[in-house]
Amino acid sequence: MEFKIDTKPTYSVITPVNTAIDANMTAALSDKCQELAKSGSTNYIIDLQHCTEADNTSFDDLVQMHENCYNNSQSLVFTGVQGSVLKQLQDAELDTVLNIAPKMIEAVDIVSMEILERDLFDESE
């Protein structure tokens, strides 16, 4: 599975090159996030701009990735979700479960706010 990776100081952008979201892609995405975590990157923006179709059975994997990240005090935001894929996510009622931002700048804002929230909660404990 091929990805374009852009590493920033507080997050990494992972852009799948494939056009279909399927079980192979979600497994590779999960592996890539784990690999990046080992090198110190703990917040991820998945840019799905090239993905024009999705296998509904892969959505459970996306939810699992989301839960794993948040259970480990990490952020995961999806952006660039194409209309047909977004419709499938909405039909499966996952658009309210996953962090989906319409534009990259909004995805960056979500990650930044979540980092700030975690820092504030850590200070108060």
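Taking the criterion of being farther than 25 Å from SER112 by Cα and in contact with a helix residue (DSSP H, G or I) (Cβ under 9 Å, 6 or more places away or on another chain), the only residue of region 9-19 that qualifies is ASN18. Restricting SER112, SER73 to those that are more than 22 Å from ASP22 (Cα to Cα) and part of a loop (DSSP other than H, G, I, E, B) reduces the list to SER73. When region 30-53 is limited to residues that are at pLDDT 95 or above and aliphatic (A, V, I, L, M), the one that is surrounded by the fewest Cβ atoms within 10 Å (Cβ to Cβ) turns out to be LEU48.
Name every residue in region 87-125 that is among the acidic types (Asp, Glu) and touching a helix residue (DSSP H, G or I) at 6+ places or on another chain (Cβ under 6 Å), in order of residue number. Hit for region 87-125 is ASP95, nothing else.
From the list THR7, THR52, THR57, THR26, pick out the single residue that is touching a strand residue (DSSP E or B) at 6+ places or on another chain (Cβ under 9 Å) and farther than 15 Å from ALA107 by Cα. Lay out the reasoning, then the answer.
On the way: THR7 fails: farther than 15 Å from ALA107 by Cα; THR57 fails: touching a strand residue (DSSP E or B) at 6+ places or on another chain (Cβ under 9 Å); THR26 fails: touching a strand residue (DSSP E or B) at 6+ places or on another chain (Cβ under 9 Å).
Being touching a strand residue (DSSP E or B) at 6+ places or on another chain (Cβ under 9 Å) and farther than 15 Å from ALA107 by Cα holds for just one of THR7, THR52, THR57, THR26, which is THR52.
Taken together, the residues in region 31-42 that are assigned to a helix (DSSP H, G or I) and either of a type in the set (Ser, Thr, Tyr) or free of Cβ contacts under 8 Å to residues at least 12 places away in the same chain (or both) amount to 4.
Of all the criteria given as (1) modelled with pLDDT of 95 or more; (2) outside any helix (DSSP H, G or I); (3) more than 23 Å from LYS4 (Cα to Cα), the one not satisfied by VAL97 is (1). Among the residues of region 1-30, those identified as among the charged types (D, E, K, R) and not in a strand (DSSP E or B) are GLU2, LYS8, ASP22.
The values are calculated or read from the model by the stated rules, or taken from the named source; none is laboratory data. Owing to the predicted nature of the structure, the values given are computational and were not obtained by experimental measurement. Neighbour counts are summed over all protein chains in view; Cβ atoms, including those assigned to glycine, are modelled from backbone coordinates with ideal geometry.
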